[in-house]
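No lab work stands behind these numbers, since they all come straight from the coordinates. Please read these numbers as outputs of a predicted model, since none were measured by experiment. Here the Cβ positions follow ideal geometry from the backbone for every residue, glycine too, while neighbour counts run over all protein chains shown.
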Amino acid sequence: MIMEILSRPYNKQQDFQKIMLFLADLFNRTGSYENWFPDRFENSSESREDGIRIWELDHESINSEKNKIIALTTRESPKDFYLHVDPFYRHIEQEMVEWIENYRAKNIPSSVKKYEVKINILEGNPEREKLLSKMGYKNQNIYGYYRIRKTGAPLPTFPCPEGFEIRTLKRADYDQLALLIRRVFGHGDYFTSEILEWLASCSFYKKDLDLVVVTPEDIIASFCTFRLDPTSRIISLEPMGTNPDYRGLGLGKAILSEGIKRSMKYDPPFFYIDGAANNPAANRLYDATGFASEFAINSWVKSIKLD
């Protein structure tokens with residue numbers, strides 16, 4: 001029987017859960033951090049959905065694999081893309097990159113004569129690096145970092161400083177937390193309590209893992225949400241940060257210690273931080289709480305001229 005592979009646009013209603021299961025299964029089978037994890041996909045903006053393209057099998061077999069997803073592209077920004085591929089089908093990666101290039105070309109204003117495409121990949125992927133180099137891409141810069149905490153790492157036991165309390169986030173805290181997140185990360189006014197409401201409705205949300213450190217006056221001094229993918233049980237940390245008025249007191253270590261301790265009842269295969277900061281203070285925090293493995297996400301860039 002001849003196996004065909006077809007690609008098509010993303011349909012959220014019929015494809016969302018299939019992609020979540022595909023990403024979880026990829027990690028369970030390969031143990032690789034190369035592809036997005038399910039919570040990362042669930043958290044992606046609806047404005048980027050037109051950059052999602054699905055590749056799937058189009059044949060019947062004894063295993064009933066018709067319409068089985070084997071790969072997809074995702075878009076992070078107008079020019080930033082990711083490939084997520086079952087390693088058995090790596091031969092379609094060139095086709096995927098060509099689709100991305102054509103997609104970008106169709107979304108460039110007619111006045112623009114040259115544009116860039118960025119494919120972001122985990123370091124240490126020689127096959128994909130070789131392909132991108134052959135297609136005219138260059139490894140230009142580091143897009144971001146993963147920090148990984150393996151389950152077997154010792155549990156951190158940093159106490160909460162005297163006068164502060166760690167508790168779960170309350171609905172009444174949303175406006176205060178949204179304002180603090182805007183302050184810590186420089187987000188614009190778009191980050192509101194409504195976004196926190198939406199995050200609390202996601203499948204990865206666990207109320208007991210949504211933590212804040214508060215002062216005696218109930219001012220939020222530090223915050224961290226541990227997101228649990230219900231299928232793979234992978235846990236990510238996002239968002240997390242400390243109010244600039246209360247930094248240097250050990251609040252970050254205390255809240256991570258408490259969150260990791262609470263998370264262990266879910267038996268996660270590992271914890272990860274996507275987009276981990278890479279500065280001395282952040283690195284000390286990650287190292288102290290067991291996020292010892294660091295992986296770079298490299299941006300491979302190609303400049304394309306329009307005819």
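Taking Cα atoms, how many degrees apart are the long axis of helix 93-106 and the longest axis of the chain, rounded to 10 and kept between 0 and 90?
Once rounded, the angle reads 80 degrees.
Which of rounded, prolate, oblate describes segment 154-291, given a ≥ b ≥ c as roots of the alpha-carbon gyration tensor eigenvalues and a/c under 1.5 marking rounded, otherwise prolate only if a/b is larger than b/c?
On the way: a/c = 1.37, a/b = 1.06, b/c = 1.29.
Here segment 154-291 falls in the rounded category.
In square nanometres and to one decimal, what's the mean projected area of the convex hull around the Cα atoms of segment 137-197?
Values: hull surface 33.7 nm².
Spelled out: convex hull of the Cα atoms, projected over all directions, averaged, 8.4 nm².
For each of 84, 91, 187, count neighbouring Cβ atoms within 10 Å of the residue's Cβ, then give the residues from fewest to most. All intermediate terms of the calculation are to be shown ahead of the outcome.
Numbers: 84 21, 91 10, 187 14.
So the residues, fewest neighbours to most, are 91, 187, 84.
Arranged by the count of other C-beta atoms within 10 angstrom, fewest first, what order do 301, 97 take? Each step should come with its number before you reach the end.
Working: 301 19, 97 22.
Fewest to most other Cβ atoms nearby, the residues stand as 301, 97.
Straight distance only, please: which lysines reach the Cα of residue 130 with their own Cα at less than 19 Å, same-chain residues fewer than 8 apart left out?
In chain and number order, the partners are 118, 138, 302.
Can you give me the Cα centroid spacing of segment 120-154 and segment 195-257 in angstrom?
That distance is 27 Å.
What are the principal axis extents of the Cα atoms in the chain, in Å, biggest first?
In descending order, the Cα extents are 66, 52, 34 Å.
Between their Cα atoms, which of 207/253; 79/106; 18/207; 106/305 are more than 23 Å away from each other? Can you show the working numbers first?
Numbers: 207/253 20 Å; 79/106 12 Å; 18/207 25 Å; 106/305 13 Å.
Those over the limit are 18/207.
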